[in-house]
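Engineer: Below are the structure tokens for one structure; questions will follow.
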Amino acid sequence: MMTRDLMLKDVVTTYGNVPVKEAIEVLFKKHIGSIVVVDDAQQCIGIFTERDAIRVVAQNLPLDAALEKIMTKNPFTVSEESTFEEAKNIIKLHKIRHLPVTTTSGKLVGLLSVRHILNELCEL
């Protein structure tokens, strides 16, 4: 099975200049666990997850700060041409729940989410 077979294709993205509060509101309203931060060329430059939102509260970080100051920079990614086994190994090794999927040139094309994978494989 290939990564592209299990990835979400409708990925919620944003830019690094968006305020953290706005990103947290998107996570809540869309009931999602992550937002991929991209540049103008749709290259994945960061990811903002539920864990980052918890860190904002726990460390009393400013909600008006730009997302690029808080997000996880240079997140692990996987190629759409990779096998699911390769993606699974990245997820397990780095203990992450959201893995951006990119083309060979680095353009974002999807997202592997542990929740989505479980839904697909277990038909939840």
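Engineer: Relative contact order for region 1-49: what percent, with Cα pairs under 8 Å and sequence separation of 6 or more? Intermediate values should be presented prior to the final figure.
Structural biologist: Numbers: 46 pairs, mean separation 15.7, N = 49.
Answer for region 1-49 is 32 percent.
Engineer: Over region 1-111, what percent of the accessible surface lies on carbon and sulfur atoms, probe 1.4 Å? The partial results should precede the final answer.
Structural biologist: Details: 3490 of 6440 Å².
Carbon and sulfur atoms account for 54 percent of the accessible area of region 1-111.
Engineer: For the pair residue 43/residue 22, report the inter-label distance in nm, with labels modelled 7 Å from Cα in the Cβ direction.
Structural biologist: Those two pseudo-labels are separated by 2.3 nm.
Engineer: Quick one: accessible area per residue over the chain, 1.4 Å probe, rounded to a whole number of Å²?
Structural biologist: Details: 7380 Å² over 124 residues.
Ligands and nucleic acids excluded, the result is 60 Å² per residue.
Engineer: Figure the gain on full extension for residue 122 and residue 104 (residue separation times 0.36 nm, minus the Cα-Cα span) and round it to one decimal in nm. Present the calculation step by step, with values, prior to reporting the outcome.
Structural biologist: Numbers: separation 18, 0.36 × 18 = 6.48 nm, distance 2.97 nm.
Between residue 122 and residue 104, full extension yields 3.5 nm more.
Engineer: Picking from 2, 98, 54, whose Cα lies most toward the positive end of the charge dipole for the chain (charges on Cβ: Lys, Arg +1; Asp, Glu -1)?
Structural biologist: The Cα lying farthest towards the positive end belongs to 54.
Engineer: How much net charge surrounds residue 28 when only other residues with a Cβ under 13 Å from its Cβ are counted (Lys, Arg +1; Asp, Glu -1)?
Structural biologist: Numbers: positive: 21, 29, 30; negative: 22, 25, 50.
Taking every Cβ under 13 Å from that of residue 28, the sum is 0.
Engineer: Follow-up question, since we're still on this one. Only helical DSSP H runs with n ≥ 4 go in: add -39500 (n - 2.57) per run for the chain, normalise by residue count and round the 222 nm mean residue ellipticity to 500 deg cm²/dmol. Each step should come with its number before you reach the end.
Structural biologist: Working: 6 runs with 48 residues, N = 124.
My calculation for the chain gives -10500 deg cm²/dmol from helical runs alone.
Engineer: What distance in nm separates the two pseudo spin-label positions at residue 55 and residue 115, each 7 Å out from Cα along the beta-carbon direction?
Structural biologist: For the pair residue 55/residue 115, the computed spacing is 1.9 nm.
The values are calculated or read from the model by the stated rules, or taken from the named source; none is laboratory data. This is a predicted model, so every value here is computed, not measured. When we count neighbours, we look across all protein chains shown, and the Cβ atoms used for this are built from the backbone with ideal geometry, even at glycine. The protein model used for the area step is the full one, side chains on, heavy atoms only, and it has no ligands, DNA or RNA in it. Shrake-Rupley method; radii C 1.70, N 1.55, O 1.52, S 1.80 Å.
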